[in-house]
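The values are calculated or read from the model by the stated rules, or taken from the named source; none is laboratory data. Keep in mind it's a predicted model, so treat the numbers as computed, not measured. Cβ: placed from backbone, ideal geometry, glycine included. Neighbour counts: every protein chain shown. These accessible areas exclude ligands, DNA and RNA; they are computed on the full protein's heavy atoms, side chains included. Shrake-Rupley method; radii C 1.70, N 1.55, O 1.52, S 1.80 Å.
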Amino acid sequence: MKNLLDVESLSKEEIEDLLLLAENLKEILSRPIPKVPTLRGKLIALLFYEPSTRTRFSFERAAKILSADTLTFTAKGTSIEKGESLLDTVKNLEALGTNLFVIRHPLCGVPHFLAKYINLPIINAGDGTHAHPTQALLDLMTVKEKLGTLSDLKVAIIGDIKHSRVAHSDILAFQKMGSVVYVSGPGFLLPEPKEEEYFRLKPHSFKVCYNLKTALENADIVIALRIQKERHGKALLPSFQEYHEFFGLKPQHLGWIKEGALLMHPGPINWGVELDPELEKYPFQVILDQVENGVAMRMAILLRLLSGD
Ligand code: CP
């Protein structure tokens, strides 16, 4: 593994290897002093051209637990404001001694572009509507930890599927591990028929549902998504209230899903829109477990990409 750009490029074996490594590394987080010297002397540049709380800080935490140094770069307050290009910025950070780049960018394909021109490992921390592979890996880790398996599960992903990079990476990741993915939401936020074909890795392993109940019925996992309004370009939704009325997950939907089904969300959550605030008390809600596992999974990814260089 030279880069981590998307879920498509990962084999099932590579995913299993990262899951196992992250599960082992998680123990370090509960030590009185959660620090190991494994990446001492390495410099990791975190390039965030879009806002982030979970991804940015969990990469920073993961790097620090492994004793790596970090440079955190946001577009504001840097020479980007004076017109410096992304590639020049990255070359300059390479000259400063960077060993690995983590990048989040509003445009699809930017991490892939950098990987062509930079001979250092690149991690995609979310590119536009395209992919968020580290989120998919931490989601797999959380499901495996809670349910003990990643195969033969029904995964329901509800919301703005079309604009969600998390959905796109989760859809591929859960199918790769042997589960079936159902997506539902308003018609204009669901994949087009040609995109449906792209997402279906095996016959019957991906289904688009216009009816919420079809997606939720007997689901083992429900993943709610935020409406990605900033990526819509034009107004697609009459109102958040109306969205909540028809596609927001509410306590009355719990009767449709399997007993003990996991409720997940990548964050940030808009309570009262995609999730009814009452669901915060649902006993199988694992949203903060996802955040915690994000640190262990990102430690595993950093180790795999930096060990041996
Ligand atoms: N899940 C996720 O990507 O959250 P952030 O945007 O806060 O990083």
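Odds and ends about this structure:
- Angle in degrees between helix 287-306 and the longest Cα principal axis of the chain, rounded to the nearest 10: 40
- Taking a straight Cα-Cα cut-off under 27 Å and skipping sequence neighbours fewer than 8 places away in the same chain, the lysines within cross-link reach of Lys91 are Lys2, Lys42, Lys64, Lys76, Lys82, Lys116.
- Chain lengthening between Lys116 and Ala95 when straightened (0.36 nm per residue, less Cα-Cα): 5.8 nm
- Look at the Cα gyration tensor of the chain: its axes a ≥ b ≥ c give a/c of at least 1.5 with a/b over b/c, and that counts as prolate.
- Think of the chain as a dipole: +1 on every Lys or Arg Cβ, -1 on every Asp or Glu Cβ, centred on the Cα centre; then among Gly83, Phe188, Gln241, Gly83 lies furthest on the positive end.
- Dipole of the chain, positive direction: furthest Cα of Leu93, Leu201, His130, with charges on the beta-carbon: Leu93
- Ordering of 80-89, 274-283 by burial proxy (mean other Cβ atoms within 10 Å per residue, highest first): 274-283, 80-89
- Whether segment 221-284 is rounded, prolate or oblate, judged on the alpha carbon gyration tensor where a/c under 1.5 counts as rounded: prolate
- Straight Cα distances below 25 angstrom link Lys281 to the lysines Lys144, Lys146, Lys154, Lys213, Lys250, Lys258, with same-chain residues fewer than 8 positions distant left out.
- Each label was represented as a point 7 Å from its Cα along the Cα-to-Cβ direction; for Lys202 and Glu230 these points are 3.7 nm apart.
- Antiparallel bridge percentage (DSSP; both residues within segment 133-287; nearest 5): 0
- Kirkwood estimate for segment 22-165, i.e. one over the average of 1/r between Cα atoms, Å: 16.9
- Folded to 0 to 90 degrees: helix 165-176 orientation relative to the chain principal axis, Cα: 80
- Lys, Arg +1 and Asp, Glu -1 on Cβ, resulting dipole of the chain about Cα centre, debye, nearest 20: 500
- Spin-label zone in segment 12-46 - amide nitrogen under 19 Å from a point set 7 Å from the Cα of Lys64 along the C-beta vector: 26-46
- Whole-angstrom Cα spans of segment 133-287 along principal axes, big to small: 40, 38, 28
- Of the solvent-accessible surface of the chain, computed with a 1.4 Å probe over protein heavy atoms with every protein chain present, carbon and sulfur atoms account for 54 percent.
- Spin-label zone in segment 50-79 - amide nitrogen under 20 Å from a point set 7 Å from the Cα of Lys35 along the C-beta vector: 57-72
- Over the C-alpha atoms of segment 1-53, the Rg to Rh ratio, Rh being the Kirkwood estimate, stands at 1.02.
- Nearest 10 degrees, 0 to 90: helix 54-65 Cα axis against the chain principal axis: 40
- Set of segment 270-309 residues, backbone N closer than 19 Å to the point 7 Å along the Cα-Cβ line of Glu27: 293-301, 303-304
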